[in-house]
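**Q** Okay, handing you the structure first.
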Amino acid sequence: MIHLGAQYYRAPFPNRRYWRDDMLRMADAGLNTVQLWVLWGWCEPSPDNFRFDDYDELVSLAGEAGLGVVLSTIAELQPYWIHQQVPGSEMIDHMGNVVISSNRGEGHFGLTPGGCTDHPGVWERMAGFMEEVVVRYREAPNLVGWDAWNELRWNVNADGQVCHCPYTVNRFHSWLDATYGGLEGLNAAWNTRYTGWEQVLPGKFPRSPYTTTMAWENFLTWRATELGLARYDVIKSLDPDHPVTVHGGAPTVLYGMRFPETSLNRGNDWFFADEMDGIGCSSFPTWFHFSDADLAMRIECVRSAARGKKVWLSELQGGRAAHGFAVHDPVQPANQQRWVWTGIGSGADTILFWCWRDEVFGSESAGFGLIGADGLAEPRLAAMRKTASVLKQWETEIEAYRPLLPTVGVYFSPQSYYLYWNQDNHAELPQNALLGYTRALLRNQIPYTIIEEEHLESLEEIDVLFMPRSLVIDAEQAEALAAWVQDGGTLIAESECGAFGRNGLYRYPEDRFLADIAGLAELGRRTLAGNSVSVNIDGLQLNLPASQWITPCQAPEGTVLGSSADGPLFVEVPVGEGRVILCGAYMGDAYFEGSSRADSVYAPYAADFERFISALVRRAEVPLMVQVVEPGGAAAREVHVRVGYSLGRPMVFVFSEHADLVTLQLPEGMLQAGVTELLSGASLPVQQTDDGQRVQVPMSEWGMAVLLGKA
């Protein structure tokens with residue numbers, strides 16, 4: 001079933017006098033689940049003195065109202081006694097200063113960042129708290145599952161780059177030892193002459209030597225991932241029967257971060273999903289002004305990492321945001337329901353709103369409540385009831401729904417993020433480059449998946465792979481990519497693909513993997529004149545947004561699709577059964593800016609970039625399941641369609657905030673027996689055409705529709 005619920009309790013709020021009525025109101029609104037934050041500092045106010053009376057009552061009241069319960073173990077809000085019980089456990093920042101912990105801005109009671117979890121005494125205490133919680137509630141008849149780590153926070157209030165304490169630095173050295181097979185292996189990989197591990201220093205600032213700082217960033221990602229997996233193991237070992245997930249404030253690919261936080265320092269969703277039952281992320285679309293398509297991209301990033309496991313929308317905006325005394329936009333009921341169904345269309349089975357009531361503490365006071373005081377609470381609840389009714393009516397079909405697995409991929413390189421962060425103080429360029437390609441694919445109704453560099457087994461399902469700003473490629477990745485291209489894959493790379501190794505050392509053009517497999521050697525960086533580059537593909541002369549520089553190349557064979565004054569700029573080369581297309585420019589991040597801001601210098605070229613992406617996918621003969629016929633032109637780019645199957649029947653989710661009617665072109669025979677629109681219950685006529693089938697889809701009052709092929 002779809003778990004549709006709301007976060008309720010961040011102790012000690014809301015006040016006990018609201019609890020019973022709120023649980024009943026949630027059930028009346030169509031919700032079937034409530035989430036409770038179980039805070040370590042609150043539950044263990046003195047060592048080994050656990051108090052769960054409030055949670056006992058809440059779990060019981062939820063059960064009486066017919067609500068399932070998700071428990072979120074907030075172990076990162078530590079007890080105030082932690083440093084007395086575990087002396088010497090304070091974090092140390094990059095300048096050697098002891099971190100003074102304090103209350104967190106949105107946490108009424110509890111210390112953060114608290115003790116370093118690399119200190120065995122801190123971890124023992126933290127694990128002990130989680131064990132107490134699991135043993136107490138694992139038999140609760142209405143327990144739905146566990147969120148083992150909220151937004152992967154571990155360094156809030158650290159006020160510097162952490163952690164440089166002896167326990168963490170020793171663990172860094174142990175990780176290097178295991179990664180490189182000892183100091184001798186590290187020296188060989190890094191071209192160094194270290195004679196003891198104490199000489200290998202963690203990265204301190206951006207623009208330090210790439211080698212050690214990239215390794216330190218990589219270690220911090222691994223360390224956070226290991227902490228999440230350890231939390232999972234504690235819970236799962238005691239409760240194997242309920243799903244255990246974690247969620248970030250954003251998907252991993254959006255954690256480019258700025259100093260003092262390092263890129264991806266909150267872990268890696270792909271490695272979480274290797275062992276966990278699923279993963280999730282938070283999303284606040286109205287607060288941060290991202291579109292329906294941007295929300296879809298976030299969810300698709302999580303789905304890509306989950307690889308068939310559970311996808312949770314762990315914090316979806318419930319009501320008007322609050323941040324201090326600013327006034328933010330209210331949450332419109334139609335928008336909120338599109339968010340819900342966008343999640344379902346991407347395969348989410350748990351959707352939890354943040355939150356039920358307006359908050360009463362700190363800078364989040366007066367905000368986020370699904371029933372909050374922004375003037376739209378009742379319309380939101382009415383809309384929620386309708387969604388709940390549809391979910392109940394079509395429960396079997398929706399529960400069986402699975403999104404169609406994409407055959408187009410976008411490459412995600414954490415190592416490239418580490419390189420950019422070290423040079424630029426952030427990794428926004430590779431992050432936005434990746435988002436640019438995913439947005440262009442989405443606007444072309446081309447499903448995609450994100451391919452993470454350490455999980456290249458996912459290439460088996462992919463026919464086309466885009467590699468935006470993938471500057472770091474190592475032998476393992478190069479070998480897997482080469483084999484995939486040889487077997488028929490189409491690889492599209494941007495400038496200086498593989499110009500560095502994970503050791504942070506630069507490779508000359510002739511030493512890169514594209515030179516090895518395709519004979520493509522770039523001639524070096526040249527000044528980009530203007531904000532665009534030109535390409536000719538399938539009879540289309542396109543001007544594409546471009547940033548930073550261009551890198552013409554030598555092309556002993558292949559087809560030149562576009563040139564600069566210094567040589568070929570876009571070259572297509574056959575390799576085995578597949579091909580490589582090298583684009584000697586950076587277009588993804590330029591397009592992302594140009595498609596986000598009408599006043600951007602890249603905006604005039606955004607539509608051509610979308611045409612370019614579509615042409616490349618068509619050129620690779622990737623079958624497309626759906627095309628938007630009407631509305632036409634630029635308006636078609638604002639329609640978002642997600643296709644999947646349920647019990648052998650096609651299910652199509654259509655989202656269009658502005659069009660009242662959307663006409664879709666579908667493959668021949670896809671809707672042989674006709675189609676039902678689930679929100680209205682209407683049967684829609686299917687027109688046969690020379691190219692397949694067409695169906696005119698009226699948009700609901702929410703700006704969406706859900707189609708199910710008839711049995």
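The values are calculated or read from the model by the stated rules, or taken from the named source; none is laboratory data. Everything numeric here is computed off the predicted structure, so don't read it as measured data. Cβ coordinates were reconstructed from backbone atoms using ideal geometry, including for glycine residues, and neighbour counts include every protein chain displayed.
**Q** Just to confirm my filter: which strands (runs of 3 or more DSSP E) fall fully inside segment 276-376 and include at least 1 residues that are within 17 Å of residue 70 (Cβ to Cβ), outside the structural domain of residue 7 (by TED's automatic domain parsing) and of a type in the set (Gly, Ala, Ser)?
**A** none
**Q** On to the next question. Output the residue which, of all residues in segment 549-605 that are among the charged types (D, E, K, R) and under 30 Å from the mean Cα position of the chain (by Cα), is surrounded by the fewest Cβ atoms within 10 Å (Cβ to Cβ).
**A** So the residue we want is 599.
**Q** (1) within 29 Å of residue 92 (Cα to Cα); (2) part of a loop (DSSP other than H, G, I, E, B): which one isn't true of residue 219, the others all being true?
**A** Of the numbered conditions (1) within 29 Å of residue 92 (Cα to Cα); (2) part of a loop (DSSP other than H, G, I, E, B), the odd one out for residue 219 is (2).
One line per residue, one yes/no per condition, for (1) surrounded by 24 or more Cβ atoms within 10 Å (Cβ to Cβ); (2) farther than 30 Å from residue 208 by Cβ:
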site: 498; (1), (2): yes, no
site: 511; (1), (2): no, no
site: 525; (1), (2): no, no
site: 532; (1), (2): no, yes
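**Q** Report, ordered by the first and then the second residue, all pairs with beta carbons closer than 8 Å, sequence separation of six or more or different chains, a first member in segment 290-308 that is under 9 Å from residue 342 (Cβ atoms) and touching a residue at least 12 places away in the same chain (Cβ under 8 Å), and a second member that is among the polar types (S, T, N, Q) and part of a loop (DSSP other than H, G, I, E, B).
**A** Close Cβ pairs satisfying both conditions: 296/346; 299/346.
**Q** In this structure, does residue 253 turn out to be in the same structural domain as residue 340 (by TED's automatic domain parsing), in a strand (DSSP E or B) and either modelled with pLDDT of 95 or more or more than 20 Å from residue 155 (Cα to Cα) (or both)?
**A** Taking the combined requirement at face value, the residue does not satisfy it.
**Q** Something else now. Give the residues of segment 104-123 that are assigned to a loop (DSSP other than H, G, I, E, B), of a type outside the set (D, E, K, R) and over 12 Å from residue 82 (Cα atoms), sorted by residue number.
**A** 105, 107, 108, 109
**Q** Further question: Condition first: surrounded by 15 or more Cβ atoms within 10 Å (Cβ to Cβ), charged (D, E, K, R), assigned to a strand (DSSP E or B) and not assigned by TED's automatic domain parsing to the domain that holds residue 395. Can you find one or more residues in segment 634-641 that meet it?
**A** no
**Q** Still on this structure: Could you grab the pairs with beta carbons closer than 8 Å, sequence gap of 6+ or different chains, first residue in segment 168-187 and touching a residue at least 60 places away in the same chain (Cβ under 8 Å), second one among the acidic types (Asp, Glu) and surrounded by fewer than 16 Cβ atoms within 10 Å (Cβ to Cβ)?
**A** Here the result reads none, with nothing in segment 168-187 linked to a residue that is among the acidic types (Asp, Glu) and surrounded by fewer than 16 Cβ atoms within 10 Å (Cβ to Cβ).
**Q** So for segment 233-246 (the condition being within 26 Å of residue 123 (Cβ to Cβ) and under 16 Å from the mean Cα position of the chain (by Cα)), does at least one residue qualify?
**A** yes
**Q** Okay, next question. Take segment 240-250 and flag every residue that is in a loop (DSSP other than H, G, I, E, B) and either of a type in the set (A, V, I, L, M) or crowded, with 24+ Cβ neighbours inside 10 Å (or both).
**A** Of everything in segment 240-250, just one residue is in a loop (DSSP other than H, G, I, E, B) and either of a type in the set (A, V, I, L, M) or crowded, with 24+ Cβ neighbours inside 10 Å (or both), namely 250.
**Q** Of all residues in segment 133-162, which are part of a helix (DSSP H, G or I) and buried (at least 17 other Cβ atoms within 10 Å of the Cβ)?
**A** Those that are part of a helix (DSSP H, G or I) and buried (at least 17 other Cβ atoms within 10 Å of the Cβ): 133, 134, 136, 137.
**Q** Looking at segment 184-199, which of its residues are assigned to a helix (DSSP H, G or I) and more than 19 Å from residue 217 (Cα to Cα)?
**A** 184, 185, 188
**Q** Something else about it: Can you tell me how many residues in segment 384-430 are among the small types (Gly, Ala, Ser) and farther than 29 Å from residue 617 by Cβ?
**A** 2
**Q** Report, by residue number, each residue of segment 680-701 that is touching a residue at least 12 places away in the same chain (Cβ under 8 Å) and among the charged types (D, E, K, R).
**A** 691, 694, 701 - these are the residues of segment 680-701 that are touching a residue at least 12 places away in the same chain (Cβ under 8 Å) and among the charged types (D, E, K, R).
**Q** From 622, 628, 617, 601, which residue is modelled with pLDDT under 95 and of a type outside the set (Gly, Ala, Ser)?
**A** 622
**Q** Checking residue 607 against (1) in contact with a Pro (Cβ under 6 Å, 6 or more places away or on another chain); (2) assigned to a helix (DSSP H, G or I): exactly one of these is not met. Which one?
**A** Just one mismatch for residue 607, condition (1).
**Q** If I filter segment 255-279 down to residues being within 22 Å of residue 343 (Cβ to Cβ) and among the aromatic types (Phe, Trp, Tyr), which single residue comes out as surrounded by the most Cβ atoms within 10 Å (Cβ to Cβ)?
**A** If we take residues in segment 255-279 being within 22 Å of residue 343 (Cβ to Cβ) and among the aromatic types (Phe, Trp, Tyr), then 272 is surrounded by the most Cβ atoms within 10 Å (Cβ to Cβ).
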